[in-house]
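Structure, as structure tokens:
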Amino acid sequence: MSTVIASVDVRVPVRTAYNQWTQFETFPQFMSGVESVRQVDDRHLHWETRVGGVHRAFDTEIIEQRPDDRIAWRSTDGDVKHSGVVLFSRVSDDASRVTVHLSWEPKGVIEHTGSALGLDRHRVRVDTDRFKEFIEERGSETGQWRGSVASTDR
């Protein structure tokens, strides 16, 4: 497994950053390689990605979600095996820190090489920076989901 951690401080309250992150279908607007995310229900998402010309489709399950604190997930099927958590921390009344922890299983020589070269870390860093630009330019979230998902057995 490869593990990537990236943090970014954003100039919006933690509630705004968290609310935006719950709008999974907007991910293609700031995540490179993500073509679409469809929210199936409160806990399940279907992803379509294209990285290095390789198309992948997979499903994920939200295994824990606490408003203004964390969203954790794991893949349930498809081409990509991964899990992770996004943590939201208050820095001040008008600023917050978003930290992404992602673990994934590279497949094949190209993905193993890319991971060894740190290309996965670079991609997550760029995407967190793009999230910062996205939410700061807007100044408000595009929507919100304030429900909770109780932690499930990982």
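Please treat every number below as a calculation from the coordinates, not as lab data. This is a predicted model, so every value here is computed, not measured. In this analysis, Cβ positions are derived from the backbone assuming ideal geometry, glycine residues included, and neighbour counts consider all displayed protein chains.
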Taking the chain and counting helices only, DSSP H stretches of n ≥ 4 at -39,500 (n - 2.57) each over all residues, the nearest-500 ellipticity at 222 nm comes to -7500 deg cm²/dmol
Taking N as its residue count, the alpha carbon Rg of region 1-49 over 2.2 N^0.38 Å: 1.30
GNM top mover of 41, 69, 93 - the chain, alpha-carbon springs below 10 Å: 41
5 Å-binned pair-distance histogram of region 2-138 (Cα, whole percent): 2, 10, 19, 25, 22, 13, 6, 2, 0, 0
Local charge sum around residue 8 (other residues, Cβ-Cβ under 11 Å, Lys/Arg +1, Asp/Glu -1)? 0
